[in-house]
């Protein structure tokens, strides 16, 4: 297996979209057919409202080719980490096929398999995400979330029954703070780092599964339940204040250095969801390729401040990926 790793931390404070002259520094893996890049926070897939998207940076990634690479799947604007790009039309067709509707989701408890209609089912690609979450003390250390999702005008919700689309995610707690070392919330919540392996690829699947099924909203995901401000408008006086302080200091450093590009993110901390690893069958050689992206600086700083292990070792959720591959 070909393994590409880049362990050093990238400086990308996501209070602002990056002001990079080139996306060459994003590259984690490159060969004749495939690029895997480390997408920064704040970069949508498509440029919109004056904010540069991945599409605006593709020309920087041509290297020895006359044409830019092509996208084959998506990451949310504020999600960081591994993004696969195709360098040839043939590779694009093969890689895109890995994300097509070919997988079956095991419907636990129903005794049957249900074919998904997901635009990003898992064919020959596997992904591991890291998420810093606000967890309850009763969160199991490992499990599978099998919860159907429905998309409405207001967002994505858990909804079994007619009209819902099957969705499944394996998860594992790889680090959890103790109440003794980290001031819990009034409800007794403490921060934890989860490794997430999606078996399907629904819109906002990981965010909704964490918030709705695990009752563990991802830090910074204000759309799906993360809260760090009281009803009176003050920042909560617990571990969540630590994260707000880190974000404010990072924003000040950007402003003092003159590197901010003027975009204003809504008040609050950035989304702490990172596409840590991608593993796929190479479209030409047939070899398995695994690429690992370093944690973004805002996530590394947060985990360090909260006493959470995030060391990039082989027990950082990649074992969950191997367990999934053996199924």
Practice problem: Report the FRET efficiency, 1/(1 + (r/R0)^6), for residue 47 and residue 281, where r is their Cβ-Cβ distance and R0 is 51 Å, rounded to 0.05. | Solution: 0.95
Quiz item: In nanometres, what is the gap between the two model label sites at residue 164 and residue 151, each 7 Å from Cα along Cα-to-Cβ?
Solution: 1.8 nm
Exercise. With a point put 7 Å past each Cα toward its Cβ, work out how far residue 31 is from residue 66 in nm, to one decimal.
Key: 2.5 nm
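Just want the ordering: 222, 129, 98, 171, from fewest to most Cβ atoms lying within 10 Å of their own Cβ. Spell out each step's value before the answer.
Working: 222 17, 129 25, 98 21, 171 28.
By the 10 Å Cβ count, ascending, the order reads 222, 98, 129, 171.
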Exercise. At 7 Å along the Cα-to-beta-carbon direction for both residue 181 and residue 241, put a label point, then send me their distance in nm to one decimal.
Key: 2.1 nm
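Any read-out appearing in this document is the output of simple, stated calculations on the displayed coordinates, not a laboratory observation. The structure displayed is predicted, hence computed values, not measured ones. Note: ideal-geometry Cβ built from the backbone for every residue, glycine included; neighbour counts use all protein chains shown.
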